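Novice: I am attaching a structure below and will ask some questions about it afterwards.
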Amino acid sequence: MNIKKWMWEIATISVVCVLLLNPGLVSLVLFVDAVGLDIFLLLIEVQIVTVSGYYFHTWFKPILMPFYKCLLKVDPYFFIPTKDSVGKYPMILCHAVPFLMLLIIGVTVAKPVIDMA
């Protein structure tokens, strides 16, 4: 017996039963029952991703862009890699953390002087 399928069936039945308690949601219950709970949750997820992407590009990105340009001037090793380059070389994500590469290079190059006197 497939436990994942069984859990989705139980979740669908419980969601439908809870939604049926409110008479105003009968049409939503019929829709969820027709398309299935997993497709219904996928539709909600797509809407959330779309709205959050819109707000990120219209509100947060213009606010964060001056900080990004300032970091590019201050830290020579800072850049945000593309998704393809991260897929090929995962360690390149170290460059996306500001001042991390400067810290790593500084620790590896600058050795402490040990006085044995």
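Novice: Would you please classify the overall shape of segment 36-86 from the alpha carbon gyration tensor, given that a ≥ b ≥ c denote the square roots of the eigenvalues, rounded means a/c under 1.5, and beyond that prolate means a/b larger than b/c while oblate covers the rest? Don't skip to the answer; put the middle values down first.
Specialist: Details: a/c = 6.18, a/b = 2.16, b/c = 2.87.
Oblate.
Novice: Nearest 10 degrees is fine. How inclined is helix 61-74 to the longest principal axis of the chain, computing both from alpha carbons?
Specialist: Roughly 20 degrees between the two axes.
Novice: Something else: Say each of Val109 and Asp38 gets a label point 7 Å from the Cα, pointing the same way as Cα to Cβ; how far apart are those two points in nm?
Specialist: Reported label-point gap for Val109 and Asp38 is 5.3 nm.
Novice: Assuming R0 = 25 Å, what is the FRET efficiency of Leu28 and Lys61, from their Cβ-Cβ distance, to the nearest 0.05? The partial results should precede the final answer.
Specialist: On the way: r = 34 Å, r/R0 = 1.38.
My answer for the efficiency is 0.15.
Novice: What part of the accessible area of segment 13-117, given as a whole %, is carbon or sulfur when the probe is 1.4 angstrom? Walk me through the numbers before you get to the answer.
Specialist: Numbers: 6450 of 8610 Å².
Here carbon and sulfur together make up 75 percent of the probe-accessible area.
Novice: Can I ask one more? In square nanometres and to one decimal, what's the mean projected area of the convex hull around the Cα atoms of the chain? Intermediate values should be presented prior to the final figure.
Specialist: Values: hull surface 64.8 nm².
Directional mean of the projected Cα hull area for the chain stands at 16.2 nm².
Novice: Is segment 66-110 best put as rounded, prolate or oblate by its Cα gyration tensor, with a ≥ b ≥ c the root eigenvalues, rounded for a/c under 1.5, and otherwise prolate when a/b is larger than b/c, oblate when not? Walk me through the numbers before you get to the answer.
Specialist: On the way: a/c = 3.38, a/b = 1.15, b/c = 2.93.
Oblate shape, in that a/c is at least 1.5 and b/c is the bigger or equal ratio.
Novice: Return the sequence-ordered ³J(HN,Hα) values of segment 20-33 in whole Hz as given by the Karplus equation 6.51 cos²θ - 1.76 cosθ + 1.60 applied to θ = phi - 60°, using x for Gly and Pro.
Specialist: Whole-Hz 3J(HN,Hα) from phi for segment 20-33: 5, 5, 9, x, x, 9, 5, 5, 5, 4, 5, 5, 5, 5.
Novice: To the nearest 20 debye, what charge dipole does the chain have about its Cα centre, counting +1 at the Cβ of each Lys and Arg and -1 at the Cβ of each Asp and Glu? Don't skip to the answer; put the middle values down first.
Specialist: Numbers: 8 positive and 7 negative charges, 82 e Å.
The calculated dipole for the chain is roughly 400 debye.
Novice: Measure nothing fancy, just the Cα-based angle from helix 37-55's long axis to the longest principal axis of the chain, in degrees from 0 to 90, nearest 10.
Specialist: 40 degrees
Novice: Calculated from DSSP H runs of 4 or more alone, at -39500 (n - 2.57) each and per residue, what is the 222 nm mean residue ellipticity of the chain, nearest 500?
Specialist: The helix-only estimate for the chain comes to -21000 deg cm²/dmol at 222 nm.
Novice: Between Met7 and Val74, what is 0.36 nm times their sequence separation minus the Cα-Cα distance? Round to one decimal in nm.
Specialist: Values: separation 67, 0.36 × 67 = 24.12 nm, distance 5.22 nm.
The Met7-Val74 span can extend by a further 18.9 nm.
The values are calculated or read from the model by the stated rules, or taken from the named source; none is laboratory data. The model shown is predicted, which means the values in this text are computed figures rather than measured ones. Glycine also receives a Cβ, built like all others from the backbone with ideal geometry; neighbour counts cover every protein chain displayed. Just so you know, the surface numbers come from the protein's heavy atoms only, side chains and all, with ligands and any DNA or RNA stripped out. Shrake-Rupley method; radii C 1.70, N 1.55, O 1.52, S 1.80 Å.
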